[in-house]
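Undergrad: Handing you this structure, nothing more for now.
Just so you know, all these numbers are worked out from the coordinates, no wet-lab data involved. Not measured: the values here are computed from a predicted model. Glycine also receives a Cβ, built like all others from the backbone with ideal geometry; neighbour counts cover every protein chain displayed.
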């Protein structure tokens, strides 16, 4: 059974984190949306956060878990917001449950994901360990960001080395990394080795969607995200310069403003259903 967090009231938005990740990582979205008369439902996916897994599993089991969650909460209609891996799961649910999924908010993700991450060296790991430890206890301090973080693997996740993204890393990112199970990592790697590609299938998605990307994303490139946006015929596309895969933590105010603007265009589609059972 998945550990879930529910905030607010109104039309439900299922918020799905990435890898490594947890429900805590999605608070950049959920705290804001819950204050704007949306109900956010945020699970720790199987093998992440407090949703423990004692045995190997596949990506398909994430979909099964989420379908069960939607049934258990008696959700007749919902939006799905997915970041990275969460966006891939959002696309899968939209394909599988078209009558229920009313819209998609996709961030740093793609139906055919590819990256351009450089090879990782021992020095990368060394500086990342130092930077992560210092930032955990002294969040967002520019002296350790300049001296250690900019030489670490964080330089591929972040382009705007300001205190803001490092504060998110300290409060949510480090714990999410430590709580991500080997089974979760194996399930994702297996899907990637098999050449995950749903570009042809997502042409069938008929709900409104917005696709957002960081221009400098090396984990799932902006070009991969753009291909996905082009395949969904009711989609809008936003690409933020000077940002990377953690762009919602780099420029949260701008991202949330653009999501609010997109949501405001579909108030008739995303209206609260008074007969829908509340979780």
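Undergrad: Based on the Kirkwood radius over alpha-carbon pairs, what is the Stokes-Einstein translational diffusion coefficient of the stretch 9-111 at 4 °C with 1.567 mPa s viscosity, in µm²/s?
TA: My calculation gives 95 µm²/s for D.
Undergrad: Under the rule a/c < 1.5 gives rounded, and otherwise a/b versus b/c splits prolate from oblate, where does the stretch 90-187 land using the Cα gyration tensor? Before the final figure, lay out the partial values.
TA: Details: a/c = 2.23, a/b = 1.94, b/c = 1.15.
Prolate, because a/c is 1.5 or more and a/b exceeds b/c.
Undergrad: Under 10 °C and 1.306 mPa s, how fast does the chain diffuse according to Stokes-Einstein, given a Kirkwood radius computed over C-alpha pairs? Answer in µm²/s, whole number.
TA: Value of D from the Cα-based Kirkwood radius: 84 µm²/s.
Undergrad: As a test of the formula, what do you get for the chain when each DSSP H run with n ≥ 4 contributes -39,500 (n - 2.57) and the sum is divided by the residue count, at 222 nm and rounded to the nearest 500 deg cm²/dmol?
TA: One gets -11500 deg cm²/dmol as the mean residue ellipticity at 222 nm.
Undergrad: Given 5 Å bins starting at zero, what is the percent of C-alpha pairs of the stretch 200-279 in each, up to the one with the largest pair distance?
TA: Once binned at 5 Å, the Cα pair distances of the stretch 200-279 give 3, 14, 19, 19, 19, 14, 8, 4, 1.
Undergrad: For the chain, give the share of DSSP beta bridges that are antiparallel, in percent and rounded to the nearest 5; count only bridges with both residues there.
TA: Taking every DSSP beta bridge within the chain, about 15 percent pair in antiparallel fashion.
Undergrad: Further question: Within 10 Å, count the other beta carbons around each residue, average over each peptide in 258-267, 224-233, 17-26, and list them highest first.
TA: 17-26, 224-233, 258-267
Undergrad: Another one. Could you work out the relative contact order of the chain, using alpha carbon pairs under 8 angstrom and six or more residues apart, expressed as a whole percent? Present the calculation step by step, with values, prior to reporting the outcome.
TA: On the way: 553 pairs, mean separation 62.0, N = 279.
Relative CO of the chain lands at 22 percent.
Undergrad: Take the Cα radius of gyration of the stretch 122-177 and divide it by 2.2 N^0.38 Å, with N its residue count; two decimals is plenty.
TA: For the stretch 122-177, the normalised Cα radius of gyration comes out at 0.96.
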